[in-house]
Structures are given as structure tokens and as C-alpha cells.
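This report refers to the structure that appears directly beneath it.
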Amino acid sequence: MESQGWCAHFLKRVAGLSRGKKVRTPPSHLIAPCRKLFFPLPYPYLYMHEMPKAYEPQQFEDDTYARWEQSGAFIPENLSDFETREPYTIVVPPPNATGTLHIGHATMLAIEDSLIRYQRMNGKRALWVPGTDHAALATQNKVEKDIFKAEGVTRHDLGRDELLRRIDAFVESKRDRIKFQFRKMGASLDWSREAFTLDAPRSLAVRTVFKKMYDDGLIYRGNRVINWCSRCASTLSDDEVESKTRTATLYFFKYDRAFPITIASTQPETKLGDTAVAVHPSDERYAAFVNKNFTVAFGGVGGAALTLRVIADHAVEKEFGTGALGVTPAHSMVDYQMSLQHDLPLAHIIGEDGRMTEAAGHEYAGLTTNEAREKVVAWLRAERLIEKEEEIEQNVPICSRCDTEIIPLPKLQWFVAVNKKFKFQQSSRHAVVGIAAGAEVTLKETMRHVVATDQISIIPERFGKTYFHWIENLRDWCISRQIWYGHRIPVWYCASCPDPIVSTDEVVVCPTCSGAVAQDPDVLDTWFSSGTWTFSTLGWPNDNGDLATYHPTDVLETGYDILACWVSRMILLTTYALGEVPFRTVYLHGLVRDADGRKMSKSIGNVIDPLDVAPKYGTDAVRLALLLGQTPGNDSRMSEEKIAGFRNFTNKLWNISRYIFSQVVGSGTYQRLITESDLTNAELTTLDKWILSRFAAVARAFSEAIEKFEFSRAGEVLRDFTWNEFADWYLEGAKVEGGKHDVLHYVLQNLLKLWHPYMPFVTEVIWQSAYARGADDFLMVASWPDYGAMALYPEAEREFERAQRVITAVRAMRSDFGVPASAVVPVTVVSPKYAPVLAEQKLVIERLGRCTLLFADAAPDGQLASVIEEGVVAIPRIEAAGSPDAAIRLATERDEVAHYIEAVRAKLSNDEFVGRAPAAVVERERAKLDEAVERLGIIDARLGRGG
RNA sequence: GGACGCUUAGCUCAGUUGGUUAGAGCGCCUCGUUUACACCGAGGAGGUCGUAGGUUCGAACCCUACAGCGUCUACCA
């Protein structure tokens, strides 16, 4: 870094910049905090000859990211010829603005950044939109908790305005953190288009969708039984409800002595609100009572006088309890559904504070449900109405935020009607196929349609089932929340006019009577706003051009755990609002667990924080560890050992480069970019043709795997090539043959390009150290290797593989028989067929096998021999203590071959196999047999000669 | 209760529409001449693909049942 030549080097690069292309100004609506600086930062990279032995990621990463960002290339309009490029869009799933980066985010970023970088290098107008989520309920809870801890006051003490001020301040103080962490991961996001689910453009989108849905009759206000959390004092959507198991006492009893049917309940206090008793339609025990009404005096003095109708309903399980169920429509989701079917009245006996209401009777009003239960049970005991008590396990719904037990209760709420017909409005640009403009459809039908017809494909496919299952069970979506942080419902009520006023703009006075209005106090479910994410981030409803260019987005990449609650909501709202799908492909990654397969959690202390390990092993290593060894939709395990393994790999790539650069005379100058035409056939050896052919094949395999979202396989293919073929064979062979300047640089230059989407930092640093033309010549915007145009040399591949087999055989024998590594052994090869091919590669074989090579018609008697496809490879015995018998290795080989021959012969002598299997398969087996028989012959001849 | 997934080498996992002598990484064992790399190189051991049936000329792969594990989901009061 401190070298003499640094300054001149830097100036040269600055000069390079001035020749660079002009940076386009981003669209005017975009704020551009990352505008390109006129002067680049001091050039941070190294001369080739200054590269340290080991790659030191922390020395380069922050600076590299800053330079990318300042180059403007994250903004697609700054890419060369951007107008003619095909758009490619991903919108990042917005993390909680107040949260911190965890391993799941790191997975998301690694995958999405790889896709974006790959597409950008492939000439796409690649846009990756960043953003954060306000996470209404979670954020408010967190702030409320903090305030209570510090000041002992609740939100009601503070009031709405003050609480919101505090929350905004909290969010403001935290929101830069997650963005900083995204940058740490190398994410090439267009920060000029950053969005927040609660900022002004998104708010407008939310209000606009709300009004449109209201006008279409898809949003309505209704008194319905909803999930109520008395601690949060709010409604919860079905998705925000979890369940836990607990043991409870199941009481078997009658409402009163005169009532003919015994029911069973774990919550006898709710029976104060019963309006029916339900039995199964085929239950003969109770058939006589069905449709009869009974009046019972339940709960003693101050209890309720109940009028109960006996109804028949399939939801009742004959085998459970007594087969008869007391129906409490106001405080049970199931019972509520039944009440709708049978037109039963609701008795609202539990209030929002979790205490019994007056409707439960004056003796009970004000008691908690537990107190009421004790009182009811005491009364039942006194009246001797209890027939039996049983301890059972049951699932109770709890609030996913605070674990408080959910109380279902009726409440006036806003809903989205998912089963109501509306006139479908088509997009003029990317119409949904199969639904005519103006067709009468429901939201549910639309949601099902676009996935069923593959206009949205889900990877892995099996999650389509989860999606359809979720749709089947979807009920009208309760979208109002009784909290203060979030998108306030855009509805105003006039004291003297009956109809609510729905408006995207602030309403000050009633448009009908000019009277005073009050806005609905509730806010929207956070998923309602995140459901608009793909199009609200692209400017809808203000048309700024982005929507036309970048929507529908290409890929939505997220964890499978939010398929139902988020992905499906985006599909719902986008198809409705735009008449377009929000994305073409949904890619679902699995959960990252710890080394023992446990979920990572702070309380267990098994969390691997990507920001802890990234400085230690390098961001590239973390990304590789997340991309390889992981398959879509399946959970994977993460450990520091795994990351360390990939750190080793980044270092390998570093050292491969270091070696190649060391081969250059006059290091410190730029390396020319080598093209196909530089590699003239005449100068290429078999070894060269082999690596070029392999590279072309690997570049294709890697690219095709990425296109198919097979990130792990792609990475493995490339890693194996880089390490096993390029480093271990080609580089070693090149040292022998010498004069490989062009091939070495050609493969390295293209290899760096292939690796760049996965490990952007180390590849860019290497590129900058040797190949960059100027300070703004980034590997990041280099074009993808044109593998289709690369020459293949299948013959050379086979020929070099023969040399490899000979070398491996020599090495194995040396190792088996304890030949000292320092000894150069004379090797005899008997291979009439392949001697010329092997002779051509004599130098490489001799050096890599540490031997001298002699071709003969027969190997000398008594030598150690190995028989390979090419023939016999033999080395002399050495006079060393404990040197095993020469025949042992051959005998082992003979056993294997003989066994194999037996198996193939059996197969080929089976007439049914020969008759029914495809000719090509049979032919392949025959060829295998011939080859094996030939080898066996050679081995036997050799063994017959005693050695 | 329903659905889905998983079960392949000591560990973590691949296995591309049924045809390989079943692979990789880590770990393990042996040996290290060679200044790109010990965050390395060479060689090696290690698996009757959960169990039992079935389909097929042929099954890790398809079907059935069972066992274990996991996830999501649900209205057993």
C-alpha cells in the first residue's frame, strides 16, 4: 500500500475516469444520496506484486462497496446503453426498519444480489429496489415496552400524538443501521429508489388501493367476531394468532336439571353467552331434540336466562365429550361460523378488557374470565349438575406478539371481502392471461388463477400446494388494527350523516353537510401496506415511468415462512390494483439453523451474526456458505466451520491470481484482456485445450444452473473447476510447460467474472489489481463470458484425462508402496494404443508424477504395476523395510474388475434386459464389458508373470 | 386432525424428469519433492441410499404400508 509507485498509479486511474462514460441523472423523482463523486477516493487496491499471501477482506470490502456505489452503477439508468437493455427487477423484501440484520436477511441478500449481478453482467437493465418495513404492531410494542420500562407510563398516558412522535424518533434513530448492514453484505441495491412502507409515496398507494377497493365494494365495515388480544388491546389477523397446548379441565354438565342434554366445556363461564346447543346431524341420541328451543336458568342468581336452540351441524364431533356442544357465537370462531349458518343471535358477554360484561348477568359483570369460571363451577357443583371432570390437552390461540390468550369477540371492523365478485380491471401493458377485462371475479379466484396457470411460478413447486391450501381456507381479511402506529384508515365519519367518507386526501368537513368529521382511529394491518410493495415502490399511482419499465418484477425471493401472509397478499393486491402479477417467479429459501439444526435464537445463544463473522472470514465467504449446500425451501445448517471452509476457498482464488500475476514480467502494469482470438490453435497444447474446453463447459453449466435457480449446484460446479481442475491440474501443468501467459489470464479473467455474482468483493479486488482499465472500470459491470462462442476440444479433454490417469496411478503406487517423495522413479508404461498421446504429454506426466517415463512393449518382471484403461503402469520395487508385496495392489484391482465383469455379464445375458432396454443402454453396457475384459486380461498376464 | 417435507459415508448435504462401479465439503488416516496458497499439496479408508412389500429388463429415484424426525395448518368444544 505504501509503495512508491502508488501515486503515479492513482493518477493514471483518475485520468482513466475522465474518459469514462457520462453518468445519467436518475429520474427526477428519485433522491440520489449516492450520486457519483467527481473525484474517486484514493485508489485502494494493490499492485499485483503487492498482494499479500492471504486475502484480507477487511482491508478492501468497505472501500470497494463505496466505490461501486459512487460509480452510480447500482442505478440501472447509469448502465451503458440502458435504454436498449431488457429490464430485470427485484424488490427486496423489506426488513423491519428497526431491526438488525440476521442470517435470514443475509441469505436473502446473497441470493438476490447474485441474481442481480448475474443479470447486470448479462446485459440486463438490472434494478434492485431497497426498502424497509414499519412493522406496525411490532414496532409500537417495542417502543411502548421501552417507555413503560423507563418511565412507567402507557401509551394511553402519553396520548396518540406523543406516542407517534416517540415511535417516529425511534424508527429514525434505527433505520440507518439495517441499511448500513445491507451494504456490508455487498448488496448492489439502487439506493436512490429506497422506500419505506410508511413514507409518503407508499401511504398514497395504500390510501388509493383502499379507496378503490371500497368503491368496488371489496372493503366493508362489519360487526364480526375477530381475534382480540386484551394486552395489545387490538384485533389480530388470523396470521398473527399462534397456538399453544395446555392442559385444562373438561367439565361435563347440564345447563340446568330440566335440560335434556349434557354438554362438555373447558370454559363453563362462556356458557353464559350460549344461544344454542349443537349436535351432529346423524347423532341419534339427540335427534329428537333438534330444532327445539329450551329456556334454561344458568349460573344461579345473577346468571343468565338462556334461550337455547338445539341445532344439527357437521362441525360437531360425535365422539368428543358428550357429542353435544354448547354454542357461544360471540366468543368462539367455530361457534360464530355455526351461528351464521343457523342464524343464531350473539351474546357479547366478555369485554375487550377481558372481563365479563353486563350481558353475562350482574353477578358476573366485571369478573375476569377465570373468576367467572370459578363462580360458575362452584354453582354447578352446588347444584350437582356436574357429571364428570376430565383433564385434557387442548390448543388455545395466543397472540403471536405477546403470548396472551386470544379472546374471540364481536367488533366493528374493516374487512376485505375475498369471495365477493368485482369487475376485473386489466393492465394495458402486462395483462393477466385468462381473465377478461371487466370479468366478474373474486379476489380468491384471481389469486388462485395466476398461480394455477403458471403466470407466477413458485420454486420449489410443492409450495404451490401450501399456497392453494391457504387460499381455500381464507376468510374475509380483517384489516383494521386498534393501534396507533401505521397507515391510518382513510375513512372519516360525520356525526350527522350515515355513510362513512372514504378519501385518499385529508377530509376536514363533511362533503354532504359540512359538519365536523372524525377520522377512524384505527390503522391498517401492516400486510395491507406491504402487499402493495412491488408497485408502490415503483411509483404507483403516480406514473413516473418506473412502473411501465420495471413492473411486473422478475423474482420475489423470500423465506417460505411468509408465503401465505405476505407473498399471497402481494398477489391479491397487485392483481386487483394493476391487473398485473407482481412477479413472475417466487423463489423460497429455507430457514438457516444452527449446526445442531436448532432455530437460531438469542435466548439459546446460538445465533451466528453475519456481521460478526463477515469481518473474520470475509463477506464473500459468508455469502458462499449461504449459497452452497442449500436447496430451495429446505432448511439448512450454518456453522463457523462451514464459513471457514469457504474463507479457504476465497483465499485459494486469491492465490491462484497471485501466482498468475507473478508470471508476468514487469508487474505493476495493467494486464491486457485476452480474447478468444488471442488463443490461436497452433500455440495450444493438449493441456491448454483441455482447460479451455473445460472452462467453456463449466461457464455454461454455471450460467444455466443460475438461470434455473440452482444456486448450490452452480457454485459447486464452479468451485470444483476452480480448485480441482484449474489450480490443481492446470496451474501445475502450466508450470511444467511454461509460456502460458494468454491462457492463464484468459481463464482467470473469465473465472473472475463467473465468480463475481457470488463473491463480489474478492473478485473485484483482484480485477482492480490487474485488469481494470481505469478507476471506474469495474468487474461489476463487465460483460458475462460468452460461453456459447468458446471453443470446445473434446478430443483434447479425453487425451489429457489419459495423462491424468497415468499420473494418478503413479502417485497411488508411490504412496501405497512407500516410495519417498524425494525419489524420482522410472515408470514404464505399456500402452500400444495411447503411447503417442501420452508421449506428447511426457513432460507434464514426469513432473507431476515425479518420475521418468519409458514406453515399452512389456513392463519389466517383478515391478509394481497398476492396470488402468490405457494399459499397464509399472514402477520398480524399492528396497525398503515393510514394503508390501507387489502383487497385492494388482490382486485387489483384479478382484474389483472381475466382480464388475460378472455383474455386467449377468445383465447382458438377461434376454429381457437386452430385449427391452433401449439399444443405447445395452450398447453402453457392452462397451463397459469389453473394456473391463481387456483390463482383466492385462492384469492376469501381469500376475502370471509374478508381479 | 389435515397437509407437506426429511431419513444417502462419522457430520452437513447433492444426486437434474429410473440405466454411475452412488458423489461433494468437513472430519479421519498416511505421506509431503515442488516459494501461488499449510486458509496448502498427494494418496487413502468409509455407504447392502430408514424398514417391509410392489411396479419395472432395471429403483437412492415411481407406488403402497410402516417407523422415526421436522415444519406449516386446523373449528375437538
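The values are calculated or read from the model by the stated rules, or taken from the named source; none is laboratory data. All of these numbers come straight from a predicted model, not from anything done at the bench. Cβ atoms come from the backbone with ideal geometry, glycine included; neighbour counts cover every protein chain shown. When the accessible area is computed, the model is the full protein with side chains, heavy atoms only, and any ligands, DNA or RNA have been set aside. Shrake-Rupley method; radii C 1.70, N 1.55, O 1.52, S 1.80 Å.
Only one of (1) in contact with a Ser or Thr (Cβ under 9 Å, 6 or more places away or on another chain); (2) modelled with pLDDT of 90 or more; (3) open to solvent by 20 Å² or more (accessible area, probe 1.4 Å); (4) among the basic types (Lys, Arg) is not met by residue A:231, so which one is it?
Condition not satisfied by residue A:231: (2).
Pick from A:418, A:451: which is in a helix (DSSP H, G or I), under 30 Å from residue A:584 (Cα atoms), touching a strand residue (DSSP E or B) at 6+ places or on another chain (Cβ under 9 Å) and hydrophobic (A, V, I, L, M, F, W, C)? Don't jump to the end; show me each part of the working.
Working: A:418 fails: in a helix (DSSP H, G or I).
Exactly one of A:418, A:451 is in a helix (DSSP H, G or I), under 30 Å from residue A:584 (Cα atoms), touching a strand residue (DSSP E or B) at 6+ places or on another chain (Cβ under 9 Å) and hydrophobic (A, V, I, L, M, F, W, C), namely A:451.
Quickly run through segment A:258-270 and pick out the residues that are closer than 18 Å to residue A:315 by Cβ and either near RNA strand B (Cβ under 9 Å from one of its atoms) or under 48 Å from the mean Cα position of the chain (by Cα) (or both).
A:263, A:264, A:265, A:266, A:267, A:270
Could you give me the residue pairs with C-beta distances under 6 Å whose first residue belongs to segment A:795-817 and is within 18 Å of residue A:842 (Cα to Cα), whose second residue is in a helix (DSSP H, G or I) and near RNA strand B (Cβ under 10 Å from one of its atoms) wherever it lies, and which are 6+ apart or on separate chains?
Pairs found: A:807/A:848.
Give me the helices (runs of 4 or more DSSP H) completely within segment A:80-160, filtered to those with at least 2 residues that are buried (at least 21 other Cβ atoms within 10 Å of the Cβ), ordered by residue number.
Per the criteria, A:103-121, A:136-151.
Is there any pair linking a residue in segment A:708-728 that is over 15 Å from residue A:625 (Cβ atoms) to one that is among the aliphatic types (A, V, I, L, M) and near RNA strand B (Cβ under 7 Å from one of its atoms), with Cβ under 8 Å and at least six apart or on different chains, and which?
Every condition considered, the pairs that remain are A:722/A:656; A:726/A:656; A:727/A:656.
So is residue A:601 of a type in the set (Ser, Thr, Tyr) and part of a helix (DSSP H, G or I) or not?
Here the answer is no, as residue A:601 does not meet what is asked.
Name the residue, out of A:270, A:247, A:307, that is in contact (Cβ under 8 Å) with a residue 60 or more places away in the chain, surrounded by fewer than 15 Cβ atoms within 10 Å (Cβ to Cβ) and not in a loop (DSSP other than H, G, I, E, B).
Answer to the check: A:247.
Inside segment A:909-930, can you point out the residues that are surrounded by 15 or more Cβ atoms within 10 Å (Cβ to Cβ), more than 7 Å from RNA strand B (Cβ to nearest atom) and of a type outside the set (Val, Ile, Thr)?
A:925, A:929
Filter segment A:273-304 for residues that are open to solvent by 10 Å² or more (accessible area, probe 1.4 Å) and in a strand (DSSP E or B) and give the result.
Result: A:293, A:294, A:295, A:297, A:304.
Can you pull out the helices (runs of 4 or more DSSP H) entirely within segment A:629-722 that have at least 1 residues that are away from RNA strand B (no atom under 16 Å from the Cβ)?
Where helices (runs of 4 or more DSSP H) fall fully within segment A:629-722 and carry at least 1 residues being away from RNA strand B (no atom under 16 Å from the Cβ), they are A:686-707.
Show the residue pairs meeting these rules: Cβ distance below 9 Å; 6+ apart or different chains; first residue within segment A:848-860 and within 19 Å of residue A:738 (Cβ to Cβ); second residue small (Gly, Ala, Ser) and surrounded by fewer than 17 Cβ atoms within 10 Å (Cβ to Cβ).
A:850/A:821; A:850/A:822; A:850/A:823; A:853/A:839
Determine if segment A:889-904 includes at least one residue that is on the phi < 0 side of the Ramachandran plot, more than 8 Å from RNA strand B (Cβ to nearest atom), in contact with a Phe, Trp or Tyr (Cβ under 9 Å, 6 or more places away or on another chain) and part of a helix (DSSP H, G or I).
The answer is yes, given that some residue of segment A:889-904 is on the phi < 0 side of the Ramachandran plot, more than 8 Å from RNA strand B (Cβ to nearest atom), in contact with a Phe, Trp or Tyr (Cβ under 9 Å, 6 or more places away or on another chain) and part of a helix (DSSP H, G or I).
With the structure loaded, tell me whether residue A:73 is free of Cβ contacts under 8 Å to residues at least 60 places away in the same chain and either crowded, with 22+ Cβ neighbours inside 10 Å or among the small types (Gly, Ala, Ser) (or both) or whether it fails that test. Let's see the steps before the verdict.
Numbers: free of Cβ contacts under 8 Å to residues at least 60 places away in the same chain: no; either crowded, with 22+ Cβ neighbours inside 10 Å or among the small types (Gly, Ala, Ser) (or both): yes.
It is false that residue A:73 is free of Cβ contacts under 8 Å to residues at least 60 places away in the same chain and either crowded, with 22+ Cβ neighbours inside 10 Å or among the small types (Gly, Ala, Ser) (or both).
Quick check on my filter: what residues within segment A:327-364 are open to solvent by less than 30 Å² (accessible area, probe 1.4 Å), free of Cβ contacts under 8 Å to residues at least 60 places away in the same chain and under 15 Å from residue A:303 (Cβ atoms)?
Within segment A:327-364, A:328 is the sole residue that qualifies.
Among the residues of segment A:853-867, what is the count of those that are among the hydroxyl-bearing types (Ser, Thr, Tyr) and more than 54 Å from the chain's Cα centre (by Cα)?
Final tally of qualifying residues: 0.
Tell me, please, whether a residue that is surrounded by 17 or more Cβ atoms within 10 Å (Cβ to Cβ), in contact (Cβ under 8 Å) with a residue 24 or more places away in the chain and in contact with a Pro (Cβ under 9 Å, 6 or more places away or on another chain) can be found in segment A:818-825. Write out each step before concluding.
Going residue by residue through segment A:818-825, those that are surrounded by 17 or more Cβ atoms within 10 Å (Cβ to Cβ) are A:819, A:825.
Restricting the remaining residues to those that are in contact (Cβ under 8 Å) with a residue 24 or more places away in the chain gives A:819, A:825.
When the remaining residues are screened for being in contact with a Pro (Cβ under 9 Å, 6 or more places away or on another chain), the result is A:825.
Taking every residue of segment A:818-825 in turn, at least one turns out to be surrounded by 17 or more Cβ atoms within 10 Å (Cβ to Cβ), in contact (Cβ under 8 Å) with a residue 24 or more places away in the chain and in contact with a Pro (Cβ under 9 Å, 6 or more places away or on another chain).
Right, residue A:391: assigned to a loop (DSSP other than H, G, I, E, B) and farther than 24 Å from residue A:286 by Cα or not?
Working: assigned to a loop (DSSP other than H, G, I, E, B): no; farther than 24 Å from residue A:286 by Cα: yes.
Here the answer is no, as residue A:391 does not meet what is asked.
Among the residues of segment A:888-908 satisfying the criterion of being among the charged types (D, E, K, R) and in contact with a helix residue (DSSP H, G or I) (Cβ under 7 Å, 6 or more places away or on another chain), which is most open to solvent (accessible area, probe 1.4 Å)? Spell out how you get there, then give the answer.
Here is the first cut: in segment A:888-908, the ones among the charged types (D, E, K, R) are A:889, A:893-896, A:902, A:905, A:907.
Then drop every residue that is not in contact with a helix residue (DSSP H, G or I) (Cβ under 7 Å, 6 or more places away or on another chain), which leaves A:889, A:893-894, A:905, A:907.
Working: A:889: 51, A:893: 22, A:894: 75, A:905: 127, A:907: 89 Å².
Looking at residues that are among the charged types (D, E, K, R) and in contact with a helix residue (DSSP H, G or I) (Cβ under 7 Å, 6 or more places away or on another chain), I get A:905.
Okay, residues lined up against (1) surrounded by 18 or more Cβ atoms within 10 Å (Cβ to Cβ); (2) in contact with a helix residue (DSSP H, G or I) (Cβ under 6 Å, 6 or more places away or on another chain):
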site: A:492; (1), (2): yes, no
site: A:496; (1), (2): no, no
site: A:502; (1), (2): yes, yes
site: A:516; (1), (2): no, no
site: A:537; (1), (2): yes, no
site: A:543; (1), (2): no, no
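May I ask you to say which residue of A:484, A:470, A:492, A:477 is more than 32 Å from the chain's Cα centre (by Cα) and either closer than 27 Å to residue A:226 by Cα or within 16 Å of RNA strand B (Cβ to nearest atom) (or both)? Reasoning before the result, please.
On the way: A:484 fails: more than 32 Å from the chain's Cα centre (by Cα); A:470 fails: more than 32 Å from the chain's Cα centre (by Cα); A:477 fails: more than 32 Å from the chain's Cα centre (by Cα).
Sole residue among the options that is more than 32 Å from the chain's Cα centre (by Cα) and either closer than 27 Å to residue A:226 by Cα or within 16 Å of RNA strand B (Cβ to nearest atom) (or both): A:492.
Identify the residue in segment A:403-431 that is under 13 Å from residue A:216 (Cα atoms) and within 30 Å of the chain's Cα centre (by Cα) and, among all such residues, is surrounded by the most Cβ atoms within 10 Å (Cβ to Cβ).
Selected residue: A:416.
Against the definition (touching a Leu at 6+ places or on another chain (Cβ under 9 Å), outside any helix (DSSP H, G or I) and over 17 Å from residue A:224 (Cβ atoms)), how does residue A:318 come out, yes or no?
no
What residue, among those in segment A:581-624 that are among the β-branched types (Val, Ile, Thr) and in contact with a strand residue (DSSP E or B) (Cβ under 7 Å, 6 or more places away or on another chain), is nearest to RNA strand B (Cβ to nearest atom)?
Here the answer is A:592.
May I ask you to say which residue of A:204, A:198 is of a type outside the set (Ser, Thr, Tyr), in contact (Cβ under 8 Å) with a residue 60 or more places away in the chain, in a helix (DSSP H, G or I) and open to solvent by 10 Å² or more (accessible area, probe 1.4 Å)?
A:204
For segment A:686-702, check the following and say yes or no: at least one residue is open to solvent by 40 Å² or more (accessible area, probe 1.4 Å), without any contact (Cβ under 8 Å) to a residue 24 or more places away in the chain and over 30 Å from residue A:467 (Cβ atoms).
No, every residue in segment A:686-702 fails to be open to solvent by 40 Å² or more (accessible area, probe 1.4 Å), without any contact (Cβ under 8 Å) to a residue 24 or more places away in the chain and over 30 Å from residue A:467 (Cβ atoms).
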